[in-house]
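S.K.: Structure in C-alpha cells, see below.
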Amino acid sequence: MFPEIKHFVRQSWLLLVTSFCFGILIAATNSALAPTIKQNKINKLNELMSGLVPEAARFELVGQFEVITAKGAKATSNIYKGLSKSGDSICYSFNGQGSGFADKIELVAAVDKNFRQIAGFDCLSSNETPGFGDRIKPLLWRRQFAGAPAVKLKLVKTGDPEKIDNEIVAVTGATVSSQAVVNIINNYLMQIKEQMQEKGLISNGQ
Amino acid sequence: MVNDSHPDPKNNIGGVHKQAFLAGIWRENPVFRSLLGMCPTLAVTAAVRPALTMGLCVIFVLTCSNLVVSLMRKCLKPHLRILMFTLTIATFVTVADLFLKAFQPRMSEILGPYVPLIIVNCIIIGRAEACASKKSVPLSILDALGTGLGFTLALCVLAGIREILSTGAFFEIQVLPVQAQGGWFQPWAAMRMPVGAFITLGLLLAAVNLLSARKS
C-alpha cells in the first residue's frame, strides 16, 4: 500500500503543488477584480438604458422575471424601472437573449411605463458577421423600434423603415440577425408584459 | 594558440541571449515563418487596437508560462509535461482575461472567445516544449519576449493593412478621406471579413518569402 502511495506522490507532487498555487493565484485575482468586473457590467447596462430613455434620471431593479426562450429553455430577465428626476416612473427596461446568426445576441430593451410603446433596444453583446449582421447595432436600423407599439413585431424584407409601426424592415443581407432581434424582443416583451399585468405592476389595458 | 573561430562560450553569452530574443521576431517569426497561432491572426486583425491587445496578452502569457516552466524544468516528469504546460498556460490566460474584463471591458468584448482560446495557442505550448523546458530562465524569458513581440508585430501589420483598407483609418484615426464624408476613398467591406484576413495574410506571406529568398 505504502509503496503505491509513495509512487503516486513521487509522480504527481509537482502537479498537486502547482495546481494548488495556481488555484490560489486565480482565486486571489478573481476576488480582487470581481467587483470591478461587476461594476463594468452595471455601468454598461445603465449606459445603454440611459441611451434608450434619456429622460430617465436613474433605474431601479424591479425584480427578476422568468422567461421561456425560443428554444424552450428557462431564462431570467432583470426588469428595471426608469425614474425621472422627480422620482416618477417613466419607463421599464429589461434584458433578453437569443440565438443570432453567428452567436448569442444579448440585448436590452425599454418600453413606456404602461408597456404600450417600445422606447428602443440596444445590444449588450453580439458577434454577428462584420459588415452584415453587425448592422443591427447602429442607430440607423435600431431607430425603427423607437415608438413602435408594444405588440408582436413582424419582420419584413421590404418596406419603409421610417414608418414606425409593428413592421420592422430587415437589414439587407442579414435577415437571420434581424429576425433574431425581433424574436428576442417579441418573446421577452410578451412574457414580461403578461407577468407584469398578473402582478398588478401595470394595468391590463382594458 | 587561441582559435578565433570557436569563441569561449562564456564570452558568447550575450550573443546567445541576443539570438534567443531576435529569432522570434524575424527568422522564426511564429506567424510569417512557422504559421502558428493562425486562429487569432485571422480573427482579431480587423483593426489594430484589438490586434495589439491580443499581442500584449500573448506576450504576458508566454513570458509567465516560459518563466514557470523553466523554473520547474528539472522536476518535470516526461509523461506529465504537456499537462503541466497546459495547466500553467491556462492559469495565466485566466488571469489575463480577468484583467481585460476589469480594465479593458470594451476590448474584452471585441476579442470575445479569442482570449480564452490563447490556452490552445500552439505558439505558447510550442515555446514551452522547445525552449522553456530545456533552457535557463533568462534564455526562456528572452525567447518568450522575442516570440511574443514577433507575433504582436505580425498581427499589427496585418491589422493595419486591413483597418486602412476597410475603414480608411489607422488605430481609429482617419487617414484616408472616405466617400461618405466627401472624400475619394471607398472602404473595402470585404477587408473586415474573414476573406480579407485570408487574402492579406496570403499576400504578406508571399512578400516575406520573397524578401527571405532575396536575402539568402
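S.K.: Amide H of A:ILE202: which non-local residues (sequence gap of 5 or more, or other chain) have their own amide H closer than 5 Å, using H built in the peptide plane?
M.R.: It is A:GLN197, by chain and number.
S.K.: I've got another one for you. Taking amide hydrogens as modeled 1.01 Å from N in the peptide plane, which residues meet the under 5 Å criterion relative to A:GLY63, leaving out close sequence neighbours?
M.R.: Counting only residues 5 or more places away or on other chains, the set is A:ILE79.
S.K.: Give me a comma-separated list of calculated 3J(HN,Hα) values for segment A:100-105, in order, Karplus coefficients 6.51, -1.76, 1.60 applied at θ = phi - 60°, integers in Hz, x for any Gly or Pro.
M.R.: x, 6, 9, 7, 5, 10
S.K.: Quote the Stokes-Einstein diffusion coefficient, in whole µm² s⁻¹, for segment B:36-215, based on the Kirkwood radius over alpha carbon pairs, a temperature of 10 °C and a viscosity of 1.306 mPa s.
M.R.: 91
S.K.: Determine, at each q value in 0.10, 0.12, 0.13, 0.14 (inverse angstroms), the log₁₀ of I(q)/I(0) that the Debye formula gives when each Cα of the protein assembly as shown is one equal point scatterer.
M.R.: Each listed q maps to, in turn, -0.86, -1.08, -1.17, -1.25.
S.K.: Calculate the mean, over all residues of peptide B:106-119, of how many other protein chain Cβ atoms lie within 10 angstrom of the residue's Cβ.
M.R.: For peptide B:106-119, the averaged partner shielding equals 1.
S.K.: Suppose each label sits 7 Å from its Cα in the direction of the beta carbon; what would the A:SER125-A:ILE26 distance come out to in nanometres?
M.R.: In this crude spin-label approximation the distance works out to 1.8 nm.
S.K.: Once you average over the residues of B:72-81, how many Cβ atoms of partner chains fall within 10 Å of each Cβ?
M.R.: For peptide B:72-81, the averaged partner shielding equals 2.
S.K.: Once the dipole of the protein assembly as shown is set up with Lys and Arg at +1 and Asp and Glu at -1 on Cβ about the Cα centre, which of B:LEU111, A:TYR188, B:PHE85 lies farthest towards its positive end?
M.R.: Of the listed residues, the answer is B:PHE85.
S.K.: So for the pair A:ASN204, B:LEU210, with labels modelled 7 Å out along Cα→Cβ, what separation do we get in nm?
M.R.: Here the answer is 7.5 nm between the modelled labels.
S.K.: I would also like to ask the following. Based on DSSP H runs of at least 4 residues, each adding -39500 (n - 2.57), what is the mean residue ellipticity at 222 nm of chain A after dividing by all its residues, to the nearest 500 deg cm²/dmol?
M.R.: Value at 222 nm, helices only, nearest 500: -13500 deg cm²/dmol.
S.K.: Now for a separate question. To the nearest 10 degrees, how steep is helix A:175-198 against the longest Cα principal axis of chain A, on a 0 to 90 scale?
M.R.: 80
S.K.: Additional query: Take each uninterrupted DSSP H stretch in chain B, measure its Cα extent along the helix axis, and return the ones at 20 Å or beyond whose mean Kyte-Doolittle hydropathy is at least 0.5.
M.R.: Span-like helices, by this rule, are B:48-71, B:81-103, B:137-167, B:194-215.
S.K.: While we're on this one: Counting only Cα, what are the radius of gyration and maximum Cα-Cα distance Dmax of chain A, in Å?
M.R.: Considering chain A through its Cα atoms, Rg and Dmax are 22.7, 81 Å.
S.K.: Put +1 on the Cβ of every Lys and Arg and -1 on every Asp and Glu Cβ in the protein assembly as shown; which of A:LEU25, B:LEU98, B:ILE141 then has its Cα farthest towards the positive end of the dipole?
M.R.: B:ILE141
S.K.: Okay, next question. Could you give the length gained on full extension between B:HIS17 and B:PHE198, defined as 0.36 nm per residue of separation minus the Cα-Cα distance, in nm?
M.R.: 61.7 nm
FYI, it's all coordinate maths here, none of it is from the lab. On a predicted model such as this, the values are computed, not experimentally measured, just so you know. A quick note on method: Cβ atoms are made from the backbone with ideal geometry, for glycine too, and the neighbour counts reach across all protein chains shown.
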